[in-house]
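Novice: Sharing a structure here in structure tokens format.
Quick note: the coordinates plus some simple rules give every number you see, no bench work behind them. In this text the structure is predicted, and so the values were computed from the model without any measurement. Here the Cβ is made from the backbone with ideal geometry for all residues, glycine too, and neighbour counts use every protein chain on show.
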Amino acid sequence: MSLCIGVLYGGRSAEREVSLNSGEAVYQALVAAGYKKVVKIDVGYDLVEQLKAQKVELAFPVLHGKYGEDGTLQGLLEMMDIPYTGSGVLSSALAMNKIVTKKIFTLEGIPTPDFTVVTRRQVLDQGLEAVAKEALAKMGVPVVVKANTQGSTIGISFVHKEEEMASAIESALKYDSDVLIEEYIEGMEVTASILGNENPVALPLIEITSVTGVYDYQAKYTPGMSHHIIPPGLPEEVQEKIKNLAVRAFQSLGCRGLGRVDFMVGEKGIYTLEINTLPGMTGTSLFPDAARYAGIEFPELADRLVKLALEFNKHQPG
């Protein structure tokens, strides 16, 4: 256990505060698992210098959103020959891009809600109202409007009235140049946590409910605002179908190590929403809850993720 592990957290994304909490939890878990050399690095412009100064031999990224979960950090680590936990450059970039993810799901026959895309260029060329009208003609209401590369429900709006579409698009464009407009699915929100490399497995499913009825940023990270129900109130065969879809989705993007696949279960079936390649690791987070229900306490979970990273790295050429 003499390996020096660098817990990379904080960063510059809109999810910095969540990352700080996740990073502290992972640091404590690694220490409890018996690792003697664990350092915390708040990721900034001096990251390369910090990695060198601390003599980090394996990185454990716990960064959410841009500059951490989108493949950029993973690329830097690969250039420095530092192995790391979680998915690689391409998988991270794909999963961070909701629009590309949905296109891959469609290609792979993985059920996902209908969608259309609006770009900043379209809004500049045609005007916000014209673009909103066109989106309404394609999708109608209700819909969910999402900033393409944000996590933790940042830049998301639920549009139930036609007159709300323009402001929802405008809000999402504050965070991203591409906007995903997705069919709204009424039903149960379920998430599947995935653990593994070549043969990933789905951990027990979690049904998510919130006090407000919307699982938004506040509900996710405020104790008591949401509830995790394990197992969800679904027939066993439906749960197995969701787990199988989760593994397929995870593999379709070439993910490894860990991930979380989000679903809606509606009257017409199961819909795959997106993949989180670096899910939250805070006291209210879903991934540690699923692992705990499967009998994997946080220190063991952190240890498994380190070993999965080392296992993957050992089999790489060069």
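Novice: Between Ser2 and Arg120, what's the calculated FRET efficiency when r is the beta-carbon distance and R0 is 51 Å? Round to 0.05.
Specialist: Efficiency, from the Cβ-Cβ distance: 0.55.
Novice: Also, quick follow-up: What is the log10 of I(q)/I(0) for segment 37-85, computed with the Debye formula using one identical point scatterer on each Cα and no solvent, at q = 0.14, 0.22, 0.27, 0.31 Å⁻¹?
Specialist: Calculated log10 I(q)/I(0) at the listed q: -0.29, -0.77, -1.22, -1.60.
Novice: Hey, could you grab the Kirkwood Rh for segment 250-318? Inverse mean 1/r over distinct alpha carbon pairs, Å, one decimal.
Specialist: 14.0
Novice: Sort 190-198, 154-162 by the packing proxy (mean of other Cβ within 10 Å over each peptide's residues), most packed first.
Specialist: The most tightly packed comes first, giving 190-198, 154-162.
Novice: Nearest 5 percent is fine: what portion of the DSSP beta bridges confined to the chain is antiparallel?
Specialist: Counting DSSP beta bridges with both partners in the chain, the antiparallel share is about 80 percent.
Novice: If you add up the charges near Ser87, with Lys and Arg at +1 and Asp and Glu at -1, over every other residue whose beta carbon is less than 15 angstrom from its beta carbon, what do you get?
Specialist: Result for the neighbourhood of Ser87: -4.
Novice: Can you give me the three principal axis dimensions of segment 107-166 from its C-alpha atoms, in Å, biggest first?
Specialist: Computed over segment 107-166, the largest-to-smallest principal extents equal 34, 23, 22 Å.
Novice: Give me D for segment 140-190 in µm² s⁻¹, whole number, from Stokes-Einstein with Rh from the Kirkwood sum over alpha-carbon pairs, 25 °C and 0.890 mPa s.
Specialist: For these conditions, the coefficient is 223 µm²/s.
Novice: For segment 30-128, state the semi-axes of the equivalent ellipsoid (square roots of 5 times the eigenvalues of the alpha-carbon gyration tensor), sorted largest first and rounded to whole angstrom.
Specialist: 35, 18, 11
Novice: Assuming 0.36 nm per residue, please report the length gained on full extension of the stretch Asn313 to Asn244 beyond their Cα-Cα distance.
Specialist: Stretched out fully, the Asn313 to Asn244 stretch lengthens by 22.2 nm.
Novice: Say a paramagnetic label sat at a point 7 Å from the Cα of Tyr293, along Cα to Cβ; which residues of segment 223-256 have their backbone N under 18 Å from it?
Specialist: From segment 223-256, the list is 224-247.
Novice: Taking all pairs of distinct Cα atoms, average 1/r, flip it, and tell me the Kirkwood hydrodynamic radius of segment 234-285 in Å to one decimal place.
Specialist: When all Cα pairs of segment 234-285 are included, the Kirkwood radius is 12.0 Å.
Novice: On a 20 Å Cα-Cα criterion, which of the cross-link pairs Lys243/Lys268; Lys98/Lys307; Lys103/Lys161; Lys36/Lys314; Lys66/Lys174; Lys102/Lys174 come out too long?
Specialist: Checking Cα-Cα distances, Lys98/Lys307; Lys103/Lys161; Lys36/Lys314; Lys102/Lys174 exceed 20 Å.
Novice: For segment 45-188, calculate the relative contact order in percent as a whole number, restricting contacts to Cα pairs under 8 Å that are 6 or more residues apart.
Specialist: RCO, segment 45-188: 22 percent.
Novice: Next up: At a 10 angstrom cut-off on C-beta neighbours, averaged per residue, how do the peptides 231-240, 250-259, 56-65, 175-184 rank from highest to lowest?
Specialist: 56-65, 250-259, 175-184, 231-240
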